[in-house]
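Worksheet for the structure shown next.
Any read-out appearing in this document is the output of simple, stated calculations on the displayed coordinates, not a laboratory observation. All values derive from a computational prediction rather than experimental measurement. Heads up, the Cβs are rebuilt from the backbone with ideal geometry, glycines too, and the neighbour counts pull from every protein chain shown.
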Amino acid sequence: MATAGLWMLAAVATLMLATGLPAWMMLTGVALVFAVIGVATDIVPFPLLAAVPSRLLGLLENDLLQALPLYVLMGAALNRLPLAEVLFRTGTRALRRTGAGAPLAGLGLGVLLAPMNGSVGASVAALTRIVLPRLSAEHVPAERGAALVCAASTLGVVVPPSLVLILFGDAMLRAHTEAVNATRQAVRIINTQDVFRGTLIPAGILLLLCALAAWLGNRRRTASGAEAAPPAPGPATGEWITAAVTTLLIAGLLGAVTLGYLYAVEAAATGGVALLVYGAATRTLTRPVLAQVLRDTMAITGALFAMLVGATVFTLIVRAFGTDRWVAERLAGMGSDPRAVLAVVLLLLGLCAFVLDAFEMIFVVIPIVMPPLLMRVPDATWVAVLTLMILQTSFLVPPFGYAVMMVRSRLPRPVAAAGFVRALWPFLAAQLLVLMLVLAHPALVWRGPAPEAPRGDDAHPVSDDEVGALLQRQLERNDAETPPAGTEPEPAR
């Protein structure tokens with residue numbers, strides 16, 4: 001029954017596609033069913049289930065989780081206040097001379113909104129409502145508008161310091177701690193700040209390539225004689241000032257968190273208060289709008305915490321069946337080439353991302369496959385960036401990519417599949433190019449300070465046989481409990 005965890009994951013994916021029910025419900029339900037089966041067959045000890053409440057309480061005490069509702073509040077305020085429209089209109093006007101003002105403005109709005117929207121699904125919902133109608137008003141074809149929204153909705157996976165990166169950084173800390181404990185190597189444990197910094201250069205290259213793809217696509221359309229958008233009235237002076245201040249505030253806060261000058265909680269709280277003050281000062285934060293902002297915040301935050309609880313119970317049952325041991329043993333038996341192990345894990349993550357959102361991947365799949373991978377490939381920051389890039393790439397692969405299916409399900413009118421794929425392929429090509437660059441040139445990943453050199457008995461390299469023995473010893477010591485939750489590093493002041 002060591003493979004029961006794989007059957008659990010397959011059952012969750014199948015039920016989600018067949019029923020359309022929320023992920024947290026499927027994770028919790030499948031975990032409970034398999035827990036009953038495990039207890040009935042004496043595979044899962046019943047006292048282990050009694051540890052679920054204390055496990056959840058310890059998990060929810062993580063300081064990083066305080067940033068979730070604040071980030072979501074910022075995203076909800078930007079979505080409901082007229083700021084998004086002001087940003088798009090001023091961006092379109094400022095970039096009109098490029099011949100692709102509307103697509104570039106839509107991509108830029110996605111860069112600002114995606115890190116705060118919580119997940120790919122939430123980003124798709126927000127950008128479809130905000131950007132897509134305005135692209136249509138600018139006479140951008142529906143296929144190109146849908147492809148742009150699809151690409152922009154995945155930017156929160158790699159643009160720091162998004163919610164995805166915050167939780168993924170904590171998951172990497174746990175996995176790296178488990179791997180280091182097993183191999184006894186004297187290395188520095190990765191943290192959330194390392195993940196933020198590691199994605200900076202690849203994310204910057206990707207944004208430049210996506211902007212180039214959006215510009216070239218629109219320039220070709222204009223050159224071919226397509227209908228051009230009539231000139232629209234320019235934004236007022238107050239709108240220019242509002243757009244500039246909003247952009248500088250959001251970019252400054254996100255940059256301060258990425259570089260370690262502010263905690264994520266501090267920056268999110270500052271941004272949320274600033275947006276609410278703006279709404280009150282301009283009288284756009286009416287009682288109905290405030291109710292919508294709070295309703296959106298509670299709905300998204302509740303869904304995230306419910307999925308976190310469901311995933312915690314799910315992974316506990318997976319470990320109780322010994323699936324984590326089974327996966328580790330399979331990876332340890334693949335030979336001495338760490339690149340082969342890395343390729344297999346990345347392929348597995350890519351396949352899972354066809355049906356699971358980023359948070360579901362972080363909560364369910366990463367804790368199982370990442371610790372044994374980091375025992376074979378010790379460069380944790382490089383592995384983290386590759387994992388994020390492969391997730392984002394999988395979300396964009398038609399026709400089963402998660403973002404692709406979400407966008408097509410939310411379009412007001414269906415678009416031709418062939419035209420949509422043609423419009424999407426430049427963004428996918430940019431994604432694949434950056435992935436190949438990071439894979440071929442690990443130096444593109446900005447790493448933290450070098451670890452101290454090991455001394456004494458720890459100075460000898462660890463062989464494959466020793467890795468397997470140490471892994472088995474560590475797994476036997478684990479009682480299906482993950483390492484304690486990490487906290488954010490002290491920011492540089």
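Residues T247, T237 in ascending order of nearby Cβ atoms (within 10 Å, fewest first): T237, T247.
The Stokes-Einstein estimate for segment 75-121, based on a Kirkwood radius over Cα pairs and taken at 10 °C with 1.306 mPa s viscosity, is a diffusion coefficient of 144 µm²/s. Entry note, segment 231-386: relative contact order of 18 percent, from Cα contacts under 8 Å with a spacing of 6+ residues.
For segment 125-182, the Kirkwood estimate of the hydrodynamic radius, built from every pair of different alpha carbons, is 13.7 Å.
Label segment 276-366 by shape, choosing from rounded, prolate and oblate, from the square roots a ≥ b ≥ c of the eigenvalues of the Cα gyration tensor; if a/c is under 1.5 it is rounded, and otherwise prolate applies when a/b is larger than b/c, oblate when it is not.
Details: a/c = 4.95, a/b = 2.64, b/c = 1.88.
The shape class here is prolate.
Based on the Stokes-Einstein relation at 37 °C and a viscosity of 0.692 mPa s, and on the Kirkwood radius from alpha carbon pairs, the chain is assigned a translational diffusion coefficient of 139 µm²/s.
Quick one: grab the alpha carbon gyration tensor of segment 252-312, order the square roots of its eigenvalues as a ≥ b ≥ c, and give me rounded if a/c is under 1.5, else prolate or oblate depending on whether a/b is larger than b/c. Note, shape of segment 252-312 comes out oblate. Ranked by the mean number of other Cβ atoms within 10 Å of their residues, highest first, the peptides 414-420, 106-112 fall in the order 106-112, 414-420. Between segment 6-60 and segment 153-174, how far is it from one alpha carbon centroid to the other, in angstrom? Going from one Cα centre to the other spans 25 Å. All alpha carbon pair distances within segment 369-454 were sorted into 10 Å bins beginning at 0; the resulting P(r) in whole percents reads 15, 36, 26, 16, 7, 2, 0. Packing here is the average count of other Cβ atoms within 10 Å per residue, and on that basis the peptides 305-318, 178-191, highest first, run 305-318, 178-191.
Relative contact order for segment 1-144: what is it in percent, counting Cα pairs under 8 Å that are at least 6 residues apart?
15 percent
If the segment from L259 to A11 were pulled out straight at 0.36 nm per residue, it would be longer than the present Cα-Cα gap by 85.2 nm. Here segment 306-431 is treated as a sphere whose radius is the Kirkwood value from Cα pairs; by Stokes-Einstein at 20 °C and 1.002 mPa s it diffuses with a coefficient of 133 µm²/s.
The C-alpha atoms of the chain define a longest principal axis, and helix 4-19 lies at about 30 degrees to it.
The slack between A281 and L437, meaning 0.36 nm per residue of separation minus the straight C-alpha distance, is 51.5 nm. Relative contact order for the chain: 28 percent, from Cα pairs under 8 Å spaced at least 6 residues apart, divided by residue count. Extent of segment 42-130 along its three principal axes (Cα atoms, max minus min coordinate, largest first): 69, 26, 18 Å. P(r) tail for segment 1-155: Cα pairs beyond 21 Å make up 61% of the total.
Each label was represented as a point 7 Å from its Cα along the Cα-to-Cβ direction; for L212 and L351 these points are 3.3 nm apart. Judged by the mean number of other Cβ atoms found within 10 Å, the most tightly packed of the peptides 18-27, 131-140, 278-287 leads the ranking 131-140, 18-27, 278-287.
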